[in-house]
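Data block below; observations after.
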Amino acid sequence: MRFFVLLHILMALLCGAELKHIGMGNFDFSLLEDDYAVYDSKGKVMKLYREENNHNLTFMFSLILHDRTGSCSDGSMEEGSYEINGTTITLYSAWNRKGKAYDAPIGSRIQVYELQPNATFKRTSSRLYIETQRKKQDKSSGMQYLFTAAKNKQEEKEFKAYISKVERTFNGTFVLGKEAKQLDEEVQEALARKMHALWH
């Protein structure tokens, strides 16, 4: 298995991927940024590996940095950014849609990973707000109660089911109201910092 990981990284590097070596705590990691094109999706992904003493690499986690799925006029979009501060890595993600991509998600997520003494990472928080489809298209799921308060137990049940499904799908804790607005602002600020860094 390790051989195939090393082979994949070697092939990616030959195809123009970026590889960075970073030190965190007392450990060394390889951070690979790799372009991909699968069916109608094109983008770039970040993958973090722990470097072992025997030159093996152990996969830690990944983040989509850029993705476009669908046609030029109708599609789903995802943008991501990461920031390393000491032994903490923060991952920022934003989803959006274009044209008639009614069932594409829109929203934001921030995940925080903390380096552990055994050279693994623990996710210490994950906040998200996601609308899984266009508001006007959603007539049956509990997503509609993000915009109009549930009026009875059945509607509350549907709303809770929607929240639970999104939390499982996108790996996080759903936030609402002011927390959701603050979350989106933090993600947009992180993406702006990323763009500023690319241009300077």
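Read-outs: derived from the displayed coordinates by stated rules, not from any lab. Model, not experiment: these values are computed from the prediction.
Here are some notes:
- Sum of -39500 (n - 2.57) over DSSP H runs of 4+, divided by residues of the chain (222 nm, nearest 500): -9000 deg cm²/dmol
- Each residue of the stretch 19-26 is assigned a 3J(HN,Hα), and the resulting list reads 10, 10, 9, 10, x, 9, x, 9 Hz, derived from the Karplus form 6.51 cos²θ - 1.76 cosθ + 1.60 (θ = phi - 60°), x at Gly and Pro.
- The phi torsions of the stretch 29-36, fed into the Karplus equation with coefficients 6.51, -1.76 and 1.60 and a -60° offset, translate into couplings of 9, 10, 10, 10, 10, 10, 7, 9 Hz, rounded to whole numbers, with Gly and Pro shown as x.
- Of the Cα atoms belonging to the chain, the radius of gyration and Dmax stand at 19.0, 60 Å.
- Net lengthening on full extension, HIS55/GLU114 (0.36 nm per residue, minus Cα-Cα): 18.9 nm
- For the stretch 62-75, backbone phi angles converted through the Karplus equation (6.51, -1.76, 1.60; θ = phi - 60°) give residue-by-residue couplings of 9, 8, 6, 8, 6, 8, 10, 10, x, 7, 4, 8, 10, x Hz, Gly and Pro being listed as x.
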